[in-house]
Amino acid sequence: MQSSAIKTPLGAFHAFADDHGLCRLLFPESPRELFSTETRQSESTNHPVFKKLARQLNQYLRGERRIFDLSIAPKGTPFQMQVWQLLLQIPYGETKSYGDLATGMGNINKARAVGGAAHVNPLPIIIPCHRLIGKNSNLTGYAGGLKIKKYLLELEHKTST
């Protein structure tokens, strides 16, 4: 596992990649306990995905990119992976509720489980869990904080119209 700091206008994100691609992206203000011992030991900027991530993430934050073209390798349970795949299908500038995603999975009663899977999304922004909103269009929790979630949604709304 290799890691690198990715500088953006929002601060330095921390990215982690293995031989299969980008595994994890942490927000600039992420608590240090989220960094595992193994990833802290191998800081490097040599992984090819880091250069692409830096370019694409900054393009996205400037409103110049809507879709990421990166090798990703998130790790999770089969249910989490299913939710993350559905998140990737939410179009830029649009939102869905947790219930919408659960219904798309065939069970409206799984809305809380969808929220749990979104909460542990290892690649926020890349897998756009910020596009998930609560019932009645309420903004709900986000790993980067509600201020960042609101910023990302406003950026996408402004640049998609």
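Please treat every number below as a calculation from the coordinates, not as lab data. Owing to the predicted nature of the structure, the values given are computational and were not obtained by experimental measurement. Ideal geometry is used to build each Cβ from the backbone, glycine not excepted, and the neighbour counts take in all protein chains shown.
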Q.
Taking 35 Å as R0, compute the FRET efficiency from the Cβ-Cβ separation of residue 157 and residue 20 and round it to 0.05.
A. 0.60
(Q) Tell me the volume per residue, in Å³, of the convex hull enclosing the alpha carbons of segment 103-142. (A) 74
(Q) Past the 19 angstrom mark, what percentage of all C-alpha to C-alpha distances in the chain do you count? (A) 54
**Q.** residue 29 paired with residue 120, simple spin-label distance in nm, labels 7 Å along Cα-to-beta-carbon
**A.** 2.5
Q | For residue 55, net neighbour charge (Lys/Arg +1, Asp/Glu -1) across residues whose Cβ lies under 13 Å away | A | +3
Q. Want the number for residue 69 to residue 150: 0.36 nm per residue separation, take away the alpha-carbon distance, what's left?
A. 26.8 nm
Q: Can you spot the lysines whose alpha carbon is less than 29 Å from residue 110's alpha carbon? Ignore those fewer than 8 places along the same chain.
A: 75, 96, 135, 147, 149, 150
